[in-house]
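> Encoded as structure tokens, here's the structure I'll be asking about.
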Amino acid sequence: MTTATVEVPLRGLDRGQALGQDRLGCRGSRGREGMGVKVLKVFNNNVVLGVDDHGAELVLLGRGLGFQMAPGAEIDLERVERRFVPSGATTPERIAAFVDEIPLADIELTERVVDLARQRLGGHVTENVLIPMADHLSFALRRAAEGAGEIEYPLQWEVHSLYPAEVAVAREALDLVAAERGVRLPDVEAVPLALHLVNAQFGAADLSTTVQMTELLREVIDIIESEYQVEIDEGSVDVARFVTHLRYLFVRQRAGKKLRETPEELHAALRSARPNEYTSAGRIGTLLADRFGWAVTTDEILYLALHVSRLVDAAVAGGGS
Amino acid sequence: MTLVEALLEAVGGRANVASLTRCWARLRFELHDPELVDQAAIDARPEVVIAVHQHGQFQVALRSGLLETFDGLTDLLR
């Protein structure tokens, strides 16, 4: 499941030896035979920004790696203990500041959480999650060590009801932390971990899209409840399907992808069978278009209308109103 | 003094704030001069869970109301 094998001997590390080396999911190999990495920028004695033969940038961590090195110099890959690939909001500067200050043991712990999450949730949980999640987890451990109080996170309730699979994995991660560190983080810490896992589907380091999406899901459910005077059971299969659909809709819109066109007969059929739901779906489409500047196609509206219909039917059948 | 006002004063006033961002747990100040932070004043606020310098930022975790406080600060910094 891991993206690459560990070839780097973990010598010279003063932290984290207690963790079995075979479990250390160190990202990236030392490089293929003959592959060179040159210095682009020296952050400090131990952290260097490098560029490989393919022009890909890497942040490299290793004791003394940057000592008396100048841009253009060949990096001694034998000394590299860790490598990180910058992406999006996780800039080389951020990674460098981060790996220099965060205990290596915290990074390693987070790698195990990411591995666990990938096993449970799928391959979309990539290395992009590592730095932002390690940043969070390390800070949570620090807060716990200093006896700081609990945090009441925004959208706590929404995260629990909309992303149960991610919350379940986040709770497993808290168990892992407890087993590894003997520190039981408060259950509420599952919320931000789950958000990072949801965010993994966007491949972006910053959480803003996930936050917008979460707020939107909440609003859409509220709209349906008030338009149809029903109460929607957040734990139901229909809500889970709808949430999954909206999550993929977000991914599609951000990637500029469109659904395959559906035949006009289907639109006509649904419009005549469920006119109210079709109209509601149109309103949701307008909300999406206004808020995010998206062009929401009629094919998207059709699918939304189907989901709205299912939610309304389920709520009525369940005696919600 | 409101929390927003107190925070802004304790980080050295708006002139000292190079930028302000947030994540899900923390306000993240980038300050021109981190030395100007009045740590005691921040720690004295009951709303503050912890406030630390790390990753070149001054990070403040709040017990609750992170988004509102962030918005309040953003308004004052405008």
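We did not get these values from a lab; they are worked out from the coordinates using the rules stated. Worth saying up front: this structure is predicted, and the values here are computed from it rather than measured. Ideal geometry is used to build each Cβ from the backbone, glycine not excepted, and the neighbour counts take in all protein chains shown.
> Using only atoms on other chains, find how many Cβ atoms lie within 10 Å of each Cβ of peptide A:149-155 and report the average.
Partner-chain Cβ atoms within 10 Å, mean over residues of A:149-155: 6.
> Over the Cα atoms of region A:134-216, what Rg and Dmax result, in angstrom?
Cα radius of gyration and Dmax of region A:134-216 are 12.6, 38 Å respectively.
> Please arrange A:Trp294, B:Trp24 by how many other C-beta atoms lie within 10 Å of their C-beta, fewest to most.
A:Trp294, B:Trp24
> Another one. Can you list the GluC sites (Glu not before Pro) in region A:157-258 that are in a DSSP coil and have 14 or fewer other beta carbons within 10 angstrom?
Those satisfying the criteria are A:Glu231.
> Sticking with this one: How big is region A:190-278 on each of its three principal axes, counting only the C-alpha atoms and giving the largest first in Å?
So the extents along the principal axes, rounded to whole Å, are 43, 32, 19.
> If each residue's Cβ is checked for other Cβ atoms within 10 Å, how do B:Leu20, B:Leu7, B:Leu67 rank with the fewest at the top?
So the residues, fewest neighbours to most, are B:Leu67, B:Leu20, B:Leu7.
> Now for a separate question. Helix A:92-101 sits at what angle to the longest principal axis of chain A, using alpha carbons and giving 0 to 90 degrees rounded to 10?
Once rounded, one gets 60 degrees.
> Right, here's the next one. What dipole magnitude, in Debye to the nearest 20, does chain B give about its Cα centre under +1 on Lys/Arg Cβ and -1 on Asp/Glu Cβ?
240 debye
> Provide the net charge surrounding B:Arg63, with neighbours chosen by a C-beta distance below 9 Å and charges set as Lys +1, Arg +1, Asp -1, Glu -1.
Once positives and negatives cancel, what remains is -3.
> Report the one residue of A:Ala178, A:Ser208, A:Val188 whose Cα lies farthest in the direction of the positive end of the charge dipole of region A:170-222 (charges on C-beta: Lys and Arg +1, Asp and Glu -1; origin at the Cα centre).
Highest projection toward the positive end goes to A:Ala178.
> Round to the nearest 10 and give me the degree value, 0 to 90, for the angle of helix A:264-273's Cα axis relative to the longest principal axis of chain A.
Long axis of A:264-273 versus the principal axis of chain A: about 60 degrees.
> So how tilted is helix A:237-255 from the main axis of chain A? Cα-based, degrees 0 to 90, rounded to 10.
The helix A:237-255 is inclined about 60 degrees to chain A.
> Using alpha carbons only, what's the Rg to Rh ratio of chain A with Rh from Kirkwood?
Using only Cα positions, Rg/Rh for chain A is 1.06.
> With N residues in chain B, what two-decimal value do you get for its Cα radius of gyration over 2.2 N^0.38 Å?
0.94
> Bins of 5 Å, beginning at zero and ending with the bin holding the largest distance: percent of Cα pairs per bin for region A:171-321, please.
Result, from short to long distances: 2, 8, 16, 18, 17, 14, 10, 6, 4, 3, 1, 0, 0 percent.
> Grab the beta carbon distance between A:Glu227 and A:Asp53, set R0 = 56 Å, and tell me the FRET efficiency rounded to 0.05.
Once rounded, the FRET efficiency stands at 0.45.
> Here is a further query. Determine ³J(HN,Hα), in whole Hz, for all residues of region B:48-57 in sequence, where each value follows from phi through the Karplus function 6.51 cos²θ - 1.76 cosθ + 1.60 and θ = phi - 60°; x replaces Gly and Pro.
8, 7, 6, 9, 9, 8, 7, 6, x, 10
> Another question about this same structure. Tell me which of B:Gln39, A:Met69, B:Gln59 sits at the most positive position along the dipole axis of the protein assembly as shown, charges placed on C-beta atoms (Lys, Arg +1; Asp, Glu -1).
A:Met69
> Okay, moving on. Work through the residues other than A:Asp299 whose Cβ is under 14 Å from its Cβ and net out their charges, Lys, Arg +1 and Asp, Glu -1.
Charge balance near A:Asp299 sits at +1.
> About its Cα centre, how strong a charge dipole does the protein assembly as shown have in debye, to the nearest 20, once Lys and Arg get +1 and Asp and Glu get -1 at the Cβ?
860 debye
> P(r) of region A:37-123 in 5 Å steps, Cα pairs, percent per bin?
3, 15, 23, 23, 17, 11, 5, 2, 0
> So what is the 222 nm mean residue ellipticity for the protein assembly as shown from helices alone, if each DSSP H run of at least 4 adds -39500 (n - 2.57) and you divide by all residues, rounding to the nearest 500 deg cm²/dmol?
-15500 deg cm²/dmol
> Using a Förster radius of 41 Å, what is the FRET efficiency between A:Glu261 and A:Asp206 based on their Cβ-Cβ separation? Nearest 0.05, please.
It comes to 0.80.
> If you don't mind, another one. Pull out the extension gain between A:Arg252 and A:Leu40, defined as 0.36 nm times the separation in residues minus the alpha carbon to alpha carbon distance; nm, one decimal.
Going from the current span to full extension adds 72.8 nm.
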